[in-house]
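Just so you know, all these numbers are worked out from the coordinates, no wet-lab data involved. If you're wondering where the values come from, they're calculated on a predicted model, not measured in any experiment. Cβ coordinates were reconstructed from backbone atoms using ideal geometry, including for glycine residues, and neighbour counts include every protein chain displayed.
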Amino acid sequence: MIFKEMTDNQRRVFIDTIQLYEAFLSAFNKNRSYRGGMHWKKSKGREYLFRSRDRFGYGKSLGPRSPETEKILVQFQQGKQREKERLSALQDQLKEQSRFCKAALIQRAPRIVCSILRLLEQQNILGRNVMVIGTNAMYAYEAAAGVFFDISTMATKDMDILWDIRPKLILVADKDMDNTGFLGIIRKADRFFESISPGGFRAVNRDGFMVDLIKSEPKQLLNKEARRMGGPDDLEAAEIRNLQWLISSPKFSQVVIGEDGYPASLVVPDPRAFALHKLWLSEQADREPVKKQRDHDQGLAVAQLIIQYLPQYQFNTSELRMFPKDVVQKAKEKISDIVLPVGIDLKKNKSPNQ
């Protein structure tokens, strides 16, 4: 695979965009801390300062009216206005920066993918409860390496979301989102997303773009695990074998640029885990032949990217212990034809326990 490296100008625009987006996320989270309001509430003839947390009126009293609580109210109002203005200014800067990204030709990830990613991050579940696997994960790897994969390797009309059910799931209350959980989130990106079938794991919009919610098959098949994030109308995650390998691998986070020039955070499995899993998939008898070849090509492409541009990620058995040894060994054999630099040569650097 031949990679196209970013030019100096593309790198500069990309780095500037990452820094601006990080500032935006900081302002967004600060602004969210002011969510709700603060007002005086009368009870039994006395006024109390009340801090509401959501649209349902939940909150707590901060004490009776006094010089101290009056000061708290003023500071809250000033801080809320200040952060609102800061967030608005950064939104304007991102709009301008998006034009620079498009002019520099670094806009890569599908627009709908980036929209969903931003919503998942704003829900505080991206990287904690969910991550992206499949073809779209490759946008993170190429961005980290400062190169571009051939576009034919990246073409896809779906997005695979892997749900790790171990961390507690807490969705942020939102007036625009009902109790449809995951489906409610992606509908904020595109209101035309609909579940393909009742109790299904896949939603599709009117453009034919599909979003799949999947999870690892339980270790004990008789175990009953949560399969929906929301109510009965939400997507029901499909249980797929051996996804535990990806869940157990270190997470890899990278800002990517969408087709519209706007950035988004993309959280995916460790690139080595992606390569090994893809190469394993390419050998499964029940895998569709056309998908097997694509899995093989993508697995080798990411392996070559690691070797050439991300040498800090070495294919050491000890660092890939979430995979069975035979899976690691078969993958090593497949990528051994790639010219390896000193220190990563898989044939010459075997230790006795490998």
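Some points to look at:
- The mean sequence distance of close C-alpha pairs (under 8 Å, at least 6 residues apart), as a share of the length of region 108-241, puts its relative contact order at 24 percent.
- Region 123-197: projected area of the alpha-carbon convex hull, averaged over directions, in nm²: 6.7
- Antiparallel bridge percentage (DSSP; both residues within region 108-241; nearest 5): 45
- When both bridge partners sit in the chain, DSSP labels roughly 70% of those beta bridges antiparallel.
- Cα-centred dipole magnitude for region 108-241, charges only on beta-carbon of K, R (+1) and D, E (-1), debye, nearest 20: 240
- Estimated translational D of region 108-241 in µm²/s (Stokes, Kirkwood radius over Cα pairs; 25 °C; 0.890 mPa s): 158
- Karplus-based coupling profile of region 58-68, in residue order and whole Hz: 5, x, 8, 7, 9, x, x, 4, 6, x, 5, with θ = phi - 60° in 6.51 cos²θ - 1.76 cosθ + 1.60 and x standing for Gly or Pro.
- Seen against the Cα atoms of the chain and their longest principal axis, helix 111-122 is set at about 60 degrees.
- Efficiency of FRET from Cβ geometry, R166 and S318, R₀ 25 Å, rounded to 0.05: 0.60
- Among the trypsin sites (Lys or Arg not before Pro) within region 23-87, those in coil by DSSP and having at most 13 neighbouring Cβ atoms inside 10 Å are R35, K44, R53, R55.
- Cα centroid separation, region 1-54 to region 285-299 (Å): 41
- Acute angle (nearest 10 degrees) that the helix 289-309 long axis makes with the longest principal axis of the chain, alpha-carbon atoms: 80
- Over region 248-322, the reciprocal of the mean inverse Cα-Cα separation, the Kirkwood hydrodynamic radius, stands at 13.7 Å.
- For region 66-154: Kirkwood Rh in Å [reciprocal of mean 1/r, alpha carbons]: 16.6
- Helix 271-281 and the longest principal axis of the C-alpha atoms of the chain enclose an angle of approximately 60°.
- Amide H contacts for M229 (H built 1.01 Å from N in the peptide plane; partners 5 or more residues away or on another chain; cut-off under 5 Å): F182.
- In a reduced charge model with +1 at each Lys and Arg Cβ and -1 at each Asp and Glu Cβ, the chain shows a dipole moment near 1420 debye about its Cα centre.
- Percent of alpha-carbon pairs separated by more than 23 Å within region 1-110: 51
- Residue-averaged 222 nm ellipticity for the chain, from DSSP H runs of 4+ at -39500 (n - 2.57), nearest 500: -13000 deg cm²/dmol
- Averaging the sequence gap over all C-alpha pairs within less than 8 Å and six or more residues apart, then dividing by the number of residues, gives the chain a relative contact order of 16 percent.
- Ranked list, fewest to most other Cβ atoms within 10 Å of each Cβ, for R228, R99: R99, R228
- Sequence of L117, L162, L171 once ranked by neighbouring C-beta atoms within 10 Å, starting from the fewest: L171, L162, L117
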